[in-house]
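Okay, structure first, notes after.
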Amino acid sequence: MKRTELERRERELRRMEKKKISSGSKESMSVGDYIEALFGLFRYDTEEIFNAKEDESVLELLENMKMEQPEKQWDVIIRKAVNKTKVVQRERAYEELRNLAGVEAGVS
């Protein structure tokens, strides 16, 4: 992924957060918003996602997701964000993110 693409995604995420804060409402992000935000935080190539388990911003987003979304949606958000990257080792990244978020294996 090109650096300009990464910078564009980061700007979009900051705009989303700023818009959410400035609106003054306590509306939670939708499932689609979480999928896009998580996908935007990933650093990856064609093989793997590099920052799936050690990035603080990914952890922070997962914690917000757990507070705002019902438990049955957590697995969906993580799986769709990982699948959107189209990396070869998506199952490994998916498991790392589930462990990081503390999502149970039986939840789906």
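The values are calculated or read from the model by the stated rules, or taken from the named source; none is laboratory data. Only a predicted model underlies this, so the values are computations on that prediction, with no experimental measurement involved. FYI the Cβ positions are ideal-geometry reconstructions off the backbone, even for glycines, and counts take in every protein chain you see. What goes into the accessible areas is simple: the full protein's heavy atoms, side chains included, and nothing from ligands, DNA or RNA. Shrake-Rupley method; radii C 1.70, N 1.55, O 1.52, S 1.80 Å.
Residue check: is Asn83 free of Cβ contacts under 8 Å to residues at least 24 places away in the same chain, open to solvent by less than 30 Å² (accessible area, probe 1.4 Å) and over 14 Å from Met29 (Cα atoms)? Against the criterion (free of Cβ contacts under 8 Å to residues at least 24 places away in the same chain, open to solvent by less than 30 Å² (accessible area, probe 1.4 Å) and over 14 Å from Met29 (Cα atoms)), Asn83 does not qualify.
Could you check, for the range 63-76, whether at least one of its residues is at positive phi and either open to solvent by 80 Å² or more (accessible area, probe 1.4 Å) or assigned to a loop (DSSP other than H, G, I, E, B) (or both)? No, there is no match, as no residue in the range 63-76 is at positive phi and either open to solvent by 80 Å² or more (accessible area, probe 1.4 Å) or assigned to a loop (DSSP other than H, G, I, E, B) (or both).
Could you list, in sequence order, all residues of the range 46-60 that are within 12 Å of Leu97 (Cβ to Cβ), open to solvent by 20 Å² or more (accessible area, probe 1.4 Å) and not in a loop (DSSP other than H, G, I, E, B)?
Selection gives Leu59 alone.
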